[in-house]
């Protein structure tokens, strides 16, 4: 009996631990079963293709091909990224005199001609050239369209991010006031976000028409006919700007709402204190609003930049990369090779490089946010 | 006197605000209005009206011919049904699958939990564009299993099926993350009380946690609905047949072959109106869900 009583306090925790462990094990099973469908989906449709992209980029994989796939090393990357500057001497006749054309300018041999003599130049195409001090310097790449796409997308991001985020902040500030009818305005400003980009691209194609388009009509009206009609989608120097304006118009509402949430999270006391200190509206904006929006701003800027890098739909619907490759983007290039030409390997290679850019932006974002904590 | 001055200044500031609000309202409203109005005009009338404010007004001959043409020749009904099937199935299954995983991660204790969570967070960074091309290759290797109104059937390949347009988008790391944040902030006492009553973890999830999660479910449903309804890149690659093509590639195809702007605007209006109607009806929820998608990281 005595032993029994002395036993119980010892036995009880053991039994408790036992049931606890049993509960834990049962919970483990439930947890794994519950997360299994999502994990399977993520592994199969995100991780696996992600790994496949890296693997395919080292092969000559095609979508449908009778030939077996072969490992080709870094050849795809070489084709994608190879770039060189060629120094070309002017052509000389048999007497050694520099050949000149009708205008008296030196004549340079074409890249195609040099290619025959120099095997290293095989597959290169000209991007740009400049004549300096009696020689021609020629910038050439194996895939000039890819470099064009990179430049285009950088230009697009550089223009669309400030425009879109600036519009978003301006409208968010307007909406963040206690005025009648604010809900109506918020709904209107946000409405393009829910409209498909395909639909908007189609409708705006008409707006941008050189002859009949609303945009030119509007410009002519406000300038009393002084602004000549612009060929918005047909002029290589302007087409990207046209897409920038439309994209900012469509997407702005999204960032506006996020800015609005950021504005409303700034404590009202800060504004009251600033008012007591005699700060005017502009000073309150600079010293209270902007610092209060810092993290929101970083999130919005980086997220919008990432979105800008993935530009595809507008291009596919409106310009198909034209005119003269002025609106080719990285994703458009990837789909062109990977899907239309069924060259999965090359499309994957472009995709891998695209992802590295996204990773770079995410890294900058993290550094910026970490910078504040210090 | 100074209060009078102050009131004047405030009124002045207010009228400036309203002027700006109206200006922006015009900018964001007119293109959509133009689309709707033009869909009721003949193509020649659209072009002649473009020179004035008539472009935004339903003036002149109002015609329904454009709509009739789209219904007869645009394959609109088929594409609409396809879009509804694809979007609704993806949204519903995405809510169930991802909330289950998030519940396990947020409220249960199990081995591997931290690693799985880290995995989900790591995957957040991969945009769909970065995997679209290899995914195309991957699904080309899958057997073609599809379903329709006539039941389940097999086909030669995964291309041109509903399945290939749904399956890749059900599991979603960001959706898991949104659910996780919400579940994590629910009080612990909730689970403990139910557990004392003998409820299993799954019962707690299904009967207690999910019914409390309407705000986050609405958020996820809206974001996923917008993404799926407006999808373009994926369907143009995996769907070549009209029988399962959704609306966005559908209108693009119509745009490419139809030269008549009146019909194009009618098609665009038909594609847009259902979404706009849903948006106006639930606009508060839309705004809230977008706002909550921003508090990330």
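Just so you know, all these numbers are worked out from the coordinates, no wet-lab data involved. This structure is a prediction, so every number in the text was calculated from the model and none was measured. Cβ coordinates were reconstructed from backbone atoms using ideal geometry, including for glycine residues, and neighbour counts include every protein chain displayed.
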Open item on the list: Taking only Cα atoms of segment B:138-190, what ratio of Rg to Rh do you get with Rh as the Kirkwood inverse-distance radius?
Closed with: 1.28
- [ ] Sort B:46, B:125 so that the residue with the fewest other Cβ atoms within 10 Å of its own Cβ comes first and the one with the most comes last.
- [x] B:125, B:46
Task: Percent of Cα-Cα distances greater than 49 Å, calculated over the protein assembly as shown - done: 25 percent
Open item on the list: Could you tell me the relative contact order of chain A? Use alpha-carbon pairs under 8 Å, at least six residues apart, and round to a whole percent.
Closed with: 20 percent
- [ ] List A:79, B:184 from most exposed to least, where exposure is judged by having the fewest other Cβ atoms within 10 Å.
- [x] B:184, A:79
Task: Distance (nanometres) between label positions extended 7 Å along Cα→Cβ at residue A:283 and residue B:96 - done: 6.1 nm
Task: Shielding by partners, peptide A:219-229 (average Cβ within 10 angstrom, other chains) - done: 0
Open item on the list: For a quick size check, give me the Cα extents of segment A:292-374 along its three principal axes, largest first, whole Å.
Closed with: 50, 27, 16
Task: Inter-probe distance in nm under a simple model that places probes 7 Å from Cα toward Cβ, at residue A:370 and residue A:26 - done: 4.4 nm
- [ ] Would you look at the GNM of chain A, springs on alpha carbons closer than 10 Å, and say which of A:67, A:295, A:152 moves the most?
- [x] A:67
TODO: Provide the packing ranking of A:167-178, A:258-269, A:92-103, A:328-339, i.e. peptides ordered by the mean count of other C-beta atoms within 10 Å per residue, highest first.
DONE: A:328-339, A:167-178, A:258-269, A:92-103
Open item on the list: Rounded, prolate or oblate for segment B:76-294? Axes are the square roots of the Cα gyration tensor eigenvalues, ordered a ≥ b ≥ c, and the cut-off for rounded is a/c under 1.5.
Closed with: prolate
Task: Per-residue mean of C-beta atoms belonging to partner chains within 10 Å, peptide B:186-197 - done: 0
- [ ] Could you calculate the FRET efficiency of residue A:363 with residue A:55 from 1/(1 + (r/R0)^6), where r is the beta carbon distance between them and R0 is 30 Å, rounded to 0.05?
- [x] 0.80
Task: Cα shape, segment B:88-128, gyration tensor, a/c 1.5 rule - done: oblate
TODO: Rank the residues B:114, B:175 as a footprinting-exposure proxy: fewest other Cβ atoms within 10 Å of their Cβ go first.
DONE: B:114, B:175
Task: Net lengthening on full extension, residue B:206/residue B:53 (0.36 nm per residue, minus Cα-Cα) - done: 49.5 nm
Open item on the list: Can you give the FRET efficiency to the nearest 0.05 for residue A:356 and residue A:19, using r as the Cβ-Cβ distance and R₀ = 35 Å?
Closed with: 0.10
TODO: Any chance you could run the full-extension gain for residue B:22 through residue B:140? It's 0.36 nm times the residue separation minus the Cα-Cα distance, nm to one decimal.
DONE: 37.4 nm
TODO: Rounded, prolate or oblate: pick one for chain A, where a ≥ b ≥ c are the square roots of the eigenvalues of its C-alpha gyration tensor, a/c under 1.5 means rounded, and failing that, prolate if a/b is larger than b/c, else oblate.
DONE: oblate
Task: segment A:133-161 residues near the modelled residue A:92 label - backbone nitrogen below 18 Å, point 7 Å along Cα→Cβ - done: A:133-137
Task: Approximate spin-label separation residue B:33-residue B:186, in nm, with each point projected 7 Å along Cα-to-Cβ - done: 4.6 nm
Open item on the list: Mean-square fluctuation check for chain A, GNM, Cα pairs under 10 Å: which of A:186, A:148, A:25 is largest?
Closed with: A:25
- [ ] Rank B:96, B:287, B:152 by mean-square fluctuation in a GNM of chain B with C-alpha springs under 10 angstrom and give only the top-ranked residue.
- [x] B:152
Task: Backbone N within segment A:206-221 under 16 Å of label point (7 Å from residue B:260 Cα along the Cβ vector) - done: none
Task: At R0 = 22 Å, FRET efficiency that the Cβ-Cβ distance of residue B:14 and residue A:266 yields, to 0.05 - done: 0.55
